[in-house]
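Here the structure comes first, spelled out in structure tokens, and everything after it is commentary.
The values are calculated or read from the model by the stated rules, or taken from the named source; none is laboratory data. Given the structure is predicted, the values throughout are model-derived calculations rather than measurements. A quick note on method: Cβ atoms are made from the backbone with ideal geometry, for glycine too, and the neighbour counts reach across all protein chains shown. Just the protein is used for accessible areas: all its heavy atoms, side chains included, with ligands, DNA and RNA removed. Shrake-Rupley method; radii C 1.70, N 1.55, O 1.52, S 1.80 Å.
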Amino acid sequence: MTQQRWQAPFPVAGPAQFPAVRLRRLRRTPGLRRMVQETHLRPADFIYPLFVLHGRDIRREVPSMPGVFQLSVDQAVREAEEAFRLGVPAVILFGIPARKDPLGEENFAAEGIVQQAIRAIKAAVPDMVVITDVCMCEYTDHGHCGIVDHREVVNDPTLEIYGRVAVSHAEAGADMVAPSGMMDGQVGAIRAALDAAGFGQVPIMAYAAKYASHFYGPFRDAAQSPPQFGDRRGYQMNPANAREALREVALDIAEGADIVMVKPALAYLDIIRQVRDAFAVPVAAYQVSGEYAMLHAAAQRGWLDLQAVALESLTAIKRAGASLILTYFAKEAARWLAAG
Ligand code: PBG
């Protein structure tokens with residue numbers, strides 16, 4: 001009886017098929033796997049969000065975000081120094097004002113909390129890139145991202161405020177501003193305001209495709225910024241839309257955006273990829289509060305390994321096409337990466 005040669009149960013087109021091809025060959029040892037790895041995370045990919053509030057020596061942990069704190073300026077400086085030592089090149093600042101009012105006056109005050117934090121961080125760590133979120137929701141008593149008139153968030157009058165906020169951040173020394181309010185024309189208005197004030201060299205990272213996501217829940221506790229009526233669907237994007245994201249990004253680039261952002265990240269990897277393929281500007285992605293909280297919650301129950309799932313998520317976001325990642329894991333992930 002002659003031995004039958006093994007036969008593929010499917011048509012084999014040529015030699016470049018199993019069994020000649022065995023993809024497992026390059027997975028057999030750590031060395032081989034390292035050699036063929038396509039995506040590498042680096043601490044330099046990360047932008048670290050910080051929440052700053054008035055006072056001294058305050059580190060108040062956000063209950064739904066273990067390891068994330070509302071920080072007084074002195075503590076925010078410590079946090080920035082530590083992140084910088086670990087190789088994280090940038091922070092993005094969110095302010096919790098002393099008082100909220102309809103226009104959010106502290107947002108563009110020279111002694112506002114973010115303006116103080118910018119000056120203190122730049123004085124202590126001059127090479128840290130200090131980015132500021134430009135929005136109104138943390139500063140307004142109604143918690144919306146623009147001026148409210150008869151329970152409607154009005155677009156065009158809001159642009160003037162955004163311009164004032166961006167200029168006041170630049171005056172305090174911000175290296176980059178990041179408008180996140182999703183008003184039409186916000187990037188152009190901020191570019192014009194910065195240029196007119198002599199800040200033509202300050203770049204804009206636009207929250208270009210920002211979705212009306214329920215994954216922002218924990219952030220609204222951290223920044224004390226939930227809308228007091230209604231929701232943000234009148235200005236943030238519908239999670240069901242992808243082509244519209246490309247229009248948002250195209251407009252922001254036309255208005256002068258230097259970097260465009262997709263937010264959230266993990267549930268929107270398809271958007272990150274499409275933006276990356278369609279445009280030549282750097283793409284950032286925001287791994288938002290709910291993404292962070294989910295991983296921590298599961299890890300606390302012993303259901304997931306925090307370090308493993310955090311690094312896997314960040315790698316996926318980078319693989320999808322983001323070259324910058326805003327993440328609450330920035331400091332920890334930098335530490336994990338350094339430890340190999
Ligand atoms: C401000 C802003 C928000 C986030 C970033 N900038 C909140 C919102 O739009 O409600 C969310 C960040 C996060 O969830 O981590 N507009």
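Just the accessible area per residue of the chain, please: how many Å² with a 1.4 Å probe?
48
Answer rounded, prolate or oblate for the stretch 40-338, using the Cα gyration tensor with square roots of eigenvalues a ≥ b ≥ c: rounded when a/c is under 1.5, else prolate when a/b is larger than b/c, else oblate.
rounded
Suppose each label sits 7 Å from its Cα in the direction of the beta carbon; what would the A316-R247 distance come out to in nanometres?
That separation, rounded to one decimal, is 2.9 nm.
Solvent-accessible area of D175, probe 1.4 Å, all protein chains present, reported in Å² to the nearest ten, please.
For D175, the solvent-accessible surface is approximately 50 Å².
For the stretch 122-172 and the stretch 33-77, what is the centre-to-centre distance using only Cα atoms, to the nearest Å?
For the stretch 122-172 versus the stretch 33-77, the Cα centre distance is 21 Å.
How high is the relative contact order of the chain, given as a whole-number percent (alpha carbon pairs under 8 Å, six or more residues apart)?
The value is 17 percent.
Tell me, what is the FRET efficiency for R5 and M35 to the nearest 0.05, using R0 = 45 angstrom and their Cβ-Cβ distance as r?
Between R5 and M35 the formula returns 0.85.
Return the lysines within reach of K100: Cα separation strictly under 27 angstrom, same-chain partners fewer than 8 residues apart disregarded; answer none if there are no such residues.
Partners found: K122, K210, K263.
How large is the helix-only mean residue ellipticity at 222 nm for the chain, computed as the sum of -39500 (n - 2.57) over DSSP H runs with n ≥ 4, divided by its residue count, in deg cm²/dmol to the nearest 500?
Computed ellipticity for the chain at 222 nm equals -11000 deg cm²/dmol.
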